[in-house]
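The values are calculated or read from the model by the stated rules, or taken from the named source; none is laboratory data. It should be emphasised that the depicted structure is a prediction, and the values quoted were computed from it without experimental measurement. Neighbour counts run over all protein chains shown; Cβ positions are idealised from the backbone, glycine included.
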Amino acid sequence: MAFIIRKYKTKIGSRRKMKDKKWKDMIEKHGELRFFSSMAIKKSHKGQGTSAQELDMLFRVALSKEKVTPGYLKDAMGISKTIISRLIEQLENKQLIEKIRTNEDKRSYTLIITEKGKKEIDDMYYYYLNPLYTLKENMTAEDFEQLFKLIRQANKILAK
C-alpha cells in the first residue's frame, strides 16, 4: 500500500501529490525530533507553578531590548494570539509581569517584568536551561554552534 503525502506550495496556492517511498524513515526522524524536543524543553518540576511556556515568555519579557507587546511575543514564540493572551493573563495573575497601557490607545499595552518575576527567573533559569548546558558540556563548541545554526535555519524554513 502506497503512502501518499500531499505537499502544498503556499506561495502559488497549488498542491501536488507525491508518493514518498521513504516515509517510514521520515516517521523515524519525526520521532527523534519529538524525543529531542521533550528532552530539551524542561517541564516545570513538581511544586513549581510556572509552566515551560510561561517561563519562556517571562525570559523573553525580561531580556528583550525593545518594548514587548503581545504581537512581538506571538511572532517570537511562534504561537497563536489566543495562547499569548492566556499566558499573559496567567503571568499577570501570578504577579510576574505587569501590563503598561499606552497613552495613544488604552487597549494597547507593553509588558514589563516585576520584581517577583525577576526572582522567579533567578530561581528557575538553571533548571530550565540545564538540557542546553548538558549539550554544551558534552559537545564540541563547533558541534554545539552548528546544532543551533541548523535549528535557526529549520525555524526560518518552517516559519514561512
message = Only one of Glu137, Glu142, Glu120 is surrounded by 15 or more Cβ atoms within 10 Å (Cβ to Cβ) and either farther than 15 Å from Phe36 by Cβ or free of Cβ contacts under 8 Å to residues at least 24 places away in the same chain (or both). Can you tell me which?
response = Glu120
key: Qualifying positions in segment 95-135 - modelled with pLDDT of 95 or more, farther than 29 Å from Arg152 by Cβ and assigned to a loop (DSSP other than H, G, I, E, B)   = Gln95, Thr114
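Residues are listed down the side, and each one gets a yes or a no for (1) under 25 Å from Ile88 (Cα atoms); (2) more than 17 Å from the chain's Cα centre (by Cα); (3) among the polar types (S, T, N, Q):
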| residue | (1), (2), (3) |
| --- | --- |
| Arg107 | yes, yes, no |
| Asp123 | yes, yes, no |
| Leu129 | yes, no, no |
| Tyr133 | no, yes, no |
| Asp143 | no, yes, no |
message = So Gly47 passes all but one of these: (1) under 27 Å from Asn155 (Cα atoms); (2) modelled with pLDDT under 95. Which condition number does it fail?
response = (1)
query = Tally time: how many residues in segment 123-134 are of a type in the set (Ser, Thr, Tyr) and surrounded by 15 or more Cβ atoms within 10 Å (Cβ to Cβ)?
reply = 1
